[in-house]
1. When a/c is below 1.5 the answer is rounded, else prolate if a/b is larger than b/c, else oblate, so apply that to the stretch 239-354 with a ≥ b ≥ c taken from the square roots of the Cα gyration tensor eigenvalues.
2. Which value results when the Cα radius of gyration for the stretch 360-659 is divided by 2.2 N^0.38 Å?
3. Residues with amide H under 5 Å of residue 536's amide H, sequence separation 5 or more or different chain, H placed in the peptide plane at 1.01 Å from N; which?
4. As a check on your grasp of the helix formula, calculate [θ] at 222 nm for the chain: sum -39500 (n - 2.57) over DSSP H runs of n ≥ 4, divide by the residue count, round to the nearest 500.
5. Once label points are set 7 Å from the Cα along Cα→Cβ at both residue 70 and residue 464, what is their separation, rounded to one decimal in nm?
6. Return the equivalent ellipsoid semi-axes of the stretch 581-685 as a descending list in whole Å, where each equals the square root of 5 times an eigenvalue of the C-alpha gyration tensor.
7. Going by how many other beta carbons lie within 10 Å of each one, how would you line up 374, 595, fewest first?
8. Quick check: convex hull over the Cα atoms of the stretch 287-331, volume per residue in Å³, rounded to an integer?
Amino acid sequence: MKKLICSLTFLLCAFFLQAQILLPQYPDSLFPTYYHQRATHFRSLPQTKGDVIFLGNSITDGGEWSEIFNDLKVKNRGISGDVSAGVLNRLDEVAQRKPAKVFLLIGVNDLARNISPDSVVKNILLAASYLKQETPSTQLFVQSILPVNDAFEKFPGHTNKGQQIKQVNEKLKQNATTYRYNFVDLYSSFCDESGKMKKELTNDGLHLLGKGYLLWKHLVYPQVYGLQQQASLLPLPQKLQWQKGYFPLVECRSIFINNDAIRNEGLWLQRQLEKKGLAILFQKKKREKGEKAILLQLGKVSSPMLKEEAYQLEVNENEIVLTANTAHGIFNGLQTLLQLARDGATLDACSITDWPAFSWRGYMIDVGRNYVSMNLLKQQIDAMAAYKLNVFHFHPTEDIAWRIESKLYPQLTAPENMLRNKGQYYSEEEIKELIAYCKERYITFVPEIDMPGHSATFKRAMKTDMQNDSGLLIVKNILKEFCTTYDVPYIHIGADEVKITNQKFVPEVTAYIESFGKGVIGWQPGGNFSNSTIRQLWMDDNAHRSSKDNIRFIDSRHLYLNHMDPLEAVVTIFNREIGDKEKGDSSLLGATLCMWNDRRAEQDVDILRMNPVYPGMLAFAERTWRGGGQAGWIANVSNGDVKAFTEFEGRLLDQKESYFRHKAFPYVKQTQMQWQLYGPYDNEGDANKKFSPEYSSNQSEWKFYKNVVGGTIVLRHWWYPLIKGAVDSPKQNSTFYAFIKAWSDEDGEQNFWIGFNNLSRSPATDSPPANEWDNKGSEVWVNEKKISPPHWQHGGMKGSAETPLVDEGYEYREPTKISLKKGWNTVLIKCPVESFKGKDWQNPVKWEFTFVPVDGE
């Protein structure tokens with residue numbers, strides 16, 4: 001995939017101006033038999049593209065790279081005894097494969113032949129230049145020559161070259177920017193205090209033992225997979241200090257606990273490490289002196305709040321010690337520990353003390369409107385647990401269907417009383433299974449039985465309204481059955497979006513549930529609740545600020561994933577100030593992120609494909625654990641804390657690469673998109689009217705407005721003025737343009753997400769008009785060539801809640817392929833708008849655009 005750089009400035013390296021680079025020609029007699037065996041073998045192998053190639057001499061040759069990384073795309077191109085000239089002699093074979101990445105380690109054999117450090121560096125720089133010429137999109141990582149050790153009295157011609165090795169490494173480091181490669185310093189981590197290779201990593205002073213290869217893996221793992229150098233922990237711990245050294249997980253043989261109360265946590269960790277191929281025993285025996293081990297212990301961990309979830313994690317070269325006040329705290333710490341162990345072999349030494357800012361960190365999914373399989377529910381619960389969310393809000397009853405079994409009233413789940421996914425519901429055994437699955441992960445299962453609103457299915461099945469006397473009696477019978485069957489601490493009763501005709505309904509139901517020792521939760525604005533009811537905010541409501549009573553609240557305002565553009569979702573959730581407070585207290589418990597896919601989904605996985613569930617969940621986990629944020633609602637990167645968001649985005653994308661490779665994760669890097677906005681231009685109600693950015697190449701004639709950052713730019717939010725867009729004072733009949741330059745390493749096609757109206761997955765919004773990007777007249781040009789919109793499957797179709805979306809959103813259709821030229825490419829986007837008033841509530845006017853490169857989607 002081509003490397004695309006989008007920015008306002010870019011310095012072009014002088015070396016692109018050099019003449020055609022030709023490799024030297026060497027006679028076959030210069031190289032030994034083994035060299036020719038390996039080189040011809042490499043040329044005979046299948047021509048696969050996009051591989052990660054390790055290129056070098058015997059030190060590279062000795063590594064079983066595809067097994068080390070458990071990845072068949074990682075290939076070995078090492079030849080024992082090879083020199084830099086040998087690499088040049090066979091470099092064309094590597095270049096022809098167009099690999100994604102090349103990791104080059106060469107030179108120690110040259111030095112052993114008394115070739116000068118300058119000559120070695122010259123050959124390596126020639127290799128770098130040739131690869132950049134022949135396969136510009138390939139990332140080259142030049143690794144430092146490893147240290148040597150003469151204590152073994154072997155390979156004296158190599159092990160006496162310590163000083164020359166340092167000279168080569170220094171020159172390779174100095175030339176990295178000019179020759180556009182990444183320098184990887186292996187040397188420092190392999191060195192002992194005297195500057196020699198650590199004895200535990202070698203048995204001959206030159207070549208590596210297994211431990212050495214695993215350290216090597218740990219050091220380059222981030223570059224192989226495009227990650228940050230150290231584990232990108234998410235949520236970021238409250239206190240984190242990286243330290244020198246590593247814990248070799250592969251040398252660890254035992255997990256010890258100090259209290260049987262955390263036995264389950266020890267066994268859980270053992271199972272997770274088994275999945276990484278590590279056979280680590282859960283031990284009761286006493287730890288042997290010097291034994292590398294993992295210690296889980298209940299103890300005293302100080303934290304300013306929520307001590308029951310706090311933990312302390314210490315990682316050094318000899319042990320991992322996880323301490324917490326409770327088993328829940330231990331479980332939280334284990335999630336961080338597993339992220340530290342991302343490469344499955346080695347952990348960076350560190351010291352962590354951590355605790356959450358909010359006690360209630362929830363995720364809700366509506367399974368009433370669209371049935372979701374048990375496996376997919378468990379997948380989402382697993383993701384919740386991994387990022388320390390602790391409340392699973394389960395919404396199984398709706399106007400569409402009632403999906404929770406009642407043995408008293410089986411007609412509730414009868415197919416004829418469902419409007420979608422007929423006959424699909426959750427049995428008593430399945431609900432108990434979900435409750436237990438959550439409990440094992442320290443997640444509270446909160447079921448919602450919506451009443452008296454959202455209850456059309458109840459009315460169809462029972463032939464009465466909930467608020468009637470007969471209906472209320474049935475409701476109480478259902479609640480009794482539920483409360484005596486399931487071990488849950490809360491029942492959510494909904495009670496929103498309905499006219500309360502029986503003022504006794506909500507109070508009676510509340511008292512009845514509380515008689516079973518369970519708490520009650522309801523939506524606010526909603527019913528006439530008692531002070532004991534926890535209120536879940538779904539609209540802006542000042543009651544949570546002005547109430548003098550000790551009422552508890554959960555924030556879900558503007559936390560509906562189904563309404564959010566995926567790129568905007570991560571921005572706005574990351575910047576949120578939960579409940580208008582930096583941290584939780586006795587009144588504000590926390591928040592719940594909600595997934596309401598009101599519109600019919602073709603299949604349950606579409607809910608994850610068409611909504612930013614996982615990227616939104618991770619942003620939410622960060623904010624509810626860390627606390628803080630900004631007051632109000634942020635839609636664009638530029639309106640929030642750009643520096644903090646950029647840092648978070650890096651960790652988010654690392655998580656995507658590490659743990660969501662085969663799952664729907666609709667998010668790509670967007671902070672590199674630095675746009676210039678031009679306007680406003682008065683289009684006088686004519687969206688087709690042209691202005692200077694369309695016909696003049698002289699940008700000084702354009703009407704500059706501001707710089708903005710992001711893959712999605714919201715000009716005017718559809719919930720304006722509650723949420724601010726990029727245009728400070730938006731006016732109807734306006735046209736804005738956005739301009740950016742994009743650099744491409746080579747000619748070829750690149751994938752892009754492009755969109756101008758990201759349809760919510762709730763209202764029955766009309767599909768885009770045929771042959772148009774949207775109904776506002778939006779357009780996009782790349783290198784002055786107009787980019788055609790997709791051939792919409794439902795082009796121009798009137799929206800229907802029963803017609804599933806198929807390609808209306810950029811995140812779930814095939815990316816747009818655009819031909820780029822080598823060098824700079826210009827992108828111009830036109831965003832006209834006439835009225836801000838949609839034809840109806842189902843079709844809000846979204847004045848926005850999305851344009852962002854997509855790699856590997």
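1. Values: a/c = 1.57, a/b = 1.20, b/c = 1.30.
Oblate, since a/c reaches 1.5 and b/c is not below a/b.
2. Normalised Cα radius of gyration, the stretch 360-659: 0.98.
3. Residues meeting the amide H criterion: 522, 523, 524, 554.
4. Values: 24 runs with 233 residues, N = 857.
Roughly -8000 deg cm²/dmol at 222 nm, from the helical runs in the chain.
5. 5.7
6. Numbers: eigenvalues 132, 102, 65 Å².
The three semi-axes for the stretch 581-685 are 26, 23, 18 Å.
7. Numbers: 374 13, 595 26.
Least to most surrounded, the residues fall as 374, 595.
8. Numbers: hull volume 3.0 nm³, N = 45.
Considering the Cα atoms of the stretch 287-331, their hull volume per residue is 67 Å³.
Since every read-out is calculated from the coordinates, none of them should be taken as a lab result. Because the structure is predicted, anything quoted here is derived from the model rather than measured. Note that each Cβ is placed from the backbone with ideal geometry, even for glycine, and that neighbours are counted across all protein chains shown.
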